[in-house]
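Just below is one structure, and these are the notes that go with it.
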């Protein structure tokens, strides 16, 4: 039986009088690769904030690794990669190694020296994303796809069991998107559960094992066969306007 990582039951959330999430029931199990899709303003960012403990639900319950959110303290079990490609400052003076080290800051503090084991963790995380040869390169000299791999390494360095990625392919050139998803599938095979927010529905249905469609309410497709056969009508219902699903390879 798989361990349950996230369990949301009857969760509601409001911004003032506007309801952003309505009666959300959602589970992430060990080994899942879940694609979270939906229109802008549909609640995807709010859902992520709840999972990261940045917001609290107005009603309902959230459990992380079997514990109520208020009792969950092992934040290193969750890695997070935000939308960075279109906002990252290419002039930032840091090497690949230094950027990945930032993933240990919560444990280290800013000025504590690295132990041999921690240096090994950094190098292993960089190796996992296939970027070892760029260890001493400046992060600003890398391509968008390479930078995103480094930011994943930064999230991986604390050995998380769940990795949340928010629109990770924004700013990544088309020919590298498929390689990026290959990397995610390889990480998933290494027992890292993935929750990926994306607008690239076609690519997502090719790779994720489960799809969560969110537009204030959540529709969850738990089987891979279902994710590969989402109808245009169903997607249009979620997005609130006519939409055609196109699966494509780069």
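The values are calculated or read from the model by the stated rules, or taken from the named source; none is laboratory data. Since this is a predicted model, take the numbers as computed values, not measurements. Ideal geometry is used to build each Cβ from the backbone, glycine not excepted, and the neighbour counts take in all protein chains shown.
Let's see how each residue does on (1) assigned to a loop (DSSP other than H, G, I, E, B); (2) surrounded by 14 or more Cβ atoms within 10 Å (Cβ to Cβ); (3) at pLDDT below 90; (4) over 14 Å from the mean Cα position of the chain (by Cα):
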site: 22; (1), (2), (3), (4): no, yes, no, yes
site: 63; (1), (2), (3), (4): no, yes, no, yes
site: 86; (1), (2), (3), (4): yes, no, yes, yes
site: 104; (1), (2), (3), (4): no, yes, yes, yes
site: 107; (1), (2), (3), (4): no, no, yes, yes
site: 111; (1), (2), (3), (4): yes, no, yes, yes
Output the residues belonging to segment 170-223 that are closer than 16 Å to residue 83 by Cβ, in contact with a strand residue (DSSP E or B) (Cβ under 9 Å, 6 or more places away or on another chain) and assigned to a loop (DSSP other than H, G, I, E, B).
198, 199, 200
Which residue pairs have Cβ atoms closer than 6 Å, lie 6 or more positions apart in sequence or on different chains, and pair a first residue in segment 132-148 that is without any contact (Cβ under 8 Å) to a residue 12 or more places away in the chain with a second residue that is part of a helix (DSSP H, G or I)?
132/126
Of the residues in segment 152-169, those that are within 24 Å of residue 42 (Cα to Cα), part of a loop (DSSP other than H, G, I, E, B) and modelled with pLDDT of 80 or more number 2
State whether the residues of segment 4-11 include one that is within 24 Å of residue 183 (Cβ to Cβ), under 15 Å from the mean Cα position of the chain (by Cα) and not in a strand (DSSP E or B).
no
Scan segment 8-18 residue by residue and report those that are over 21 Å from residue 198 (Cα atoms) and in contact with a strand residue (DSSP E or B) (Cβ under 7 Å, 6 or more places away or on another chain).
9, 10, 11, 12, 13, 14
How many residues of segment 156-185 are closer than 19 Å to residue 49 by Cα and surrounded by fewer than 19 Cβ atoms within 10 Å (Cβ to Cβ)? The answer is 2
Take segment 32-54 and flag every residue that is out of contact with any strand residue (DSSP E or B) (no Cβ under 7 Å at 6 or more places or on another chain) and part of a loop (DSSP other than H, G, I, E, B).
40, 41, 53, 54
The condition from (1) out of contact with any strand residue (DSSP E or B) (no Cβ under 6 Å at 6 or more places or on another chain); (2) more than 17 Å from residue 164 (Cβ to Cβ) that residue 22 misses is numbered (1)
Taking segment 133-145 as the search range and keeping residues that are in a helix (DSSP H, G or I) and loosely packed, with under 13 Cβ neighbours inside 10 Å, which one is modelled with the highest pLDDT?
133
